[in-house]
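Worksheet for the structure shown next.
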Amino acid sequence: MKEIATVARTKEIMETFDLHTKKMFGQNFITEPGIVRKIAEASQVTKEDAVIEIGPGIGALTEQLAMRAGKVVAFEVDERLEEVLAYSLAQYDNKEVIFQDFLTVDVASIVGKLREQYRNVMLSANLPYYITTPILFHIFESNAKIDRITVMMQKEVADRFAAKPSTKDYNALSVITQYLYEVSVVMKVPRTVFEPKPNVDSAVIQFVQREHIEEVASRERFFQVVKACFDQRRKTILNNYGKFLGNKEEASRQLQEAGIEPSRRAESMSLAEFLTLYRVYEGK
Ligand code: SAM
């Protein structure tokens with residue numbers, strides 16, 4: 001049988017169930033088998049591994065993951081897809097579809113259970129655009145040990161996750177993410193391969209947990225400091241950090257101690273410089 005991601009099979013499945021995509025759920029289905037194959041390959045899942053998928057839709061990526069993985073656990077918010085997925089993925093008995101909003105899923109507990117049985121736990125998805133960042137932060141903040149996260153998202157958002165200092169896309173999200181993960185761009189994906197076609201292009205990004213994360217006194221406070229430094233992008237680090245501390249003189253003193261010129265802007269600061277500033281902040 002043809003792969004689900006082909007135009008013909010997608011059409012057949014949608015017509016069989018009289019299924020119309022729902023914009024409110026960010027439903028843009030992939031109709032190009034080469035793309036889902038490449039996401040599954042980049043995910044590097046083997047029969048010894050489990051993979052979590054967010055938003056299987058009609059199963060285009062799920063199918064590719066099920067062919068390669070020991071187990072696929074997919075979370076889908078749209079309950080209309082229950083009978084559709086039972087039909088489209090009937091031949092794969094290593095899949096489990098749970099109908100639940102992923103933002104309410106206890107990620108650490110799911111991952112913990114899968115780790116008891118499988119060598120690696122990966123996460124792969126073609127994410128719904130409207131909640132890409134909340135979903136990723138739900139995963140990051142769970143502190144679950146996921147070996148490799150391979151996700152498609154709007155290209156502009158992907159650019160921010162992967163951005164380097166002194167570029168227009170570099171912001172607090174880039175710093176916080178790159179503190180936790182090695183971030184790389186797997187591929188760019190044109191808007192033309194989706195049904196319906198979105199107004200934006202996409203990119204597939206991979207996050208691999210960094211082996212030696214420099215521990216900080218409190219991750220939460222470190223992230224607060226980073227966010228505060230970017231508060232008003234056009235303003236100097238002295239202005240933003242001074243506002244955060246509620247004391248410009250103290251901010252100036254701490255910046256000098258960290259070796260950071262107070263007239264600089266946060267967008268020019270490397271991850272190492274944010275870490276140095278945070279250490280001075282905690283040692284105050
Ligand atoms: N994986 C399919 C594909 O690539 O063709 C569908 C991707 S589509 C961009 C996003 C999917 O996420 C939709 O099936 C949508 O119903 C689902 N979704 C949206 N919000 C969700 C949420 N909060 N939790 C779980 N799934 C969600």
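Structural remarks
- Residue-averaged [θ]222 nm for the chain, counting only DSSP H segments that reach four residues, each worth -39500 (n - 2.57): -12500 deg cm²/dmol
- Contact order normalised by residue count of the chain, Cα under 8 Å, 6+ apart, percent: 14
- Over 22 Å between alpha carbons, listed pairs Lys95/Lys197; Lys23/Lys168; Lys23/Lys155; Lys168/Lys227: Lys95/Lys197; Lys23/Lys168
- The orientation-averaged shadow of the Cα convex hull for the range 169-250, equal to a quarter of the hull surface, comes to 7.9 nm².
- Order of exposure, largest accessible area first, which applies to Asp201, Asp93, Asp78 with probe 1.4 Å: Asp93, Asp201, Asp78
- For the residues Glu82, Glu3, a 1.4 Å probe over the protein chains yields an accessible-area ranking, largest first, of Glu82, Glu3.
- Solvent-free Debye calculation, one equal scatterer per alpha-carbon of the range 219-282: log10 I(q)/I(0) at 0.18, 0.22, 0.28 Å⁻¹ equals -0.51, -0.80, -1.43.
- About its Cα centre, the chain has a charge dipole of approximately 960 debye under the convention of +1 per Lys or Arg Cβ and -1 per Asp or Glu Cβ, with nothing else charged.
- Comparing Ser88, Ser270, Ser174 in a Gaussian network model of the chain, where Cα atoms under 10 Å apart are tied by springs, the biggest mean-square fluctuation is seen for Ser270.
- Measuring max minus min along each principal axis, the C-alpha atoms of the chain give extents of 68, 42, 27 Å (largest first).
- Peptides 151-159, 14-22, 260-268 ordered by packing proxy, namely the average of other Cβ atoms within 10 Å per residue, highest first: 151-159, 260-268, 14-22.
- The ratio of the alpha-carbon radius of gyration of the range 51-128 to the globular-protein estimate 2.2 N^0.38 Å is 1.02.
- Solvent-accessible area, 1.4 Å probe, carbon plus sulfur percent, for the range 148-199: 48
- Remark: accessible surface ordering of Lys23, Lys11 (largest first) is Lys23, Lys11, probe radius 1.4 Å.
- Computed accessible area, Phe99, all protein chains, 1.4 angstrom probe, square angstrom: 50
- Separation of the range 26-57 and the range 204-274, taken as the distance between their Cα centroids, equals 36 angstrom.
- For Ile52, the residues whose amide H sits under 5 Å from its own are Val73, Met122, Leu123, Ser124, ignoring neighbours fewer than 5 places away on the same chain, with H placed 1.01 Å from N.
The values are calculated or read from the model by the stated rules, or taken from the named source; none is laboratory data. Bear in mind that the values here come from a model prediction, so they are computed numbers and not experimental data. Cβ: placed from backbone, ideal geometry, glycine included. Neighbour counts: every protein chain shown. When the accessible area is computed, the model is the full protein with side chains, heavy atoms only, and any ligands, DNA or RNA have been set aside. Shrake-Rupley method; radii C 1.70, N 1.55, O 1.52, S 1.80 Å.
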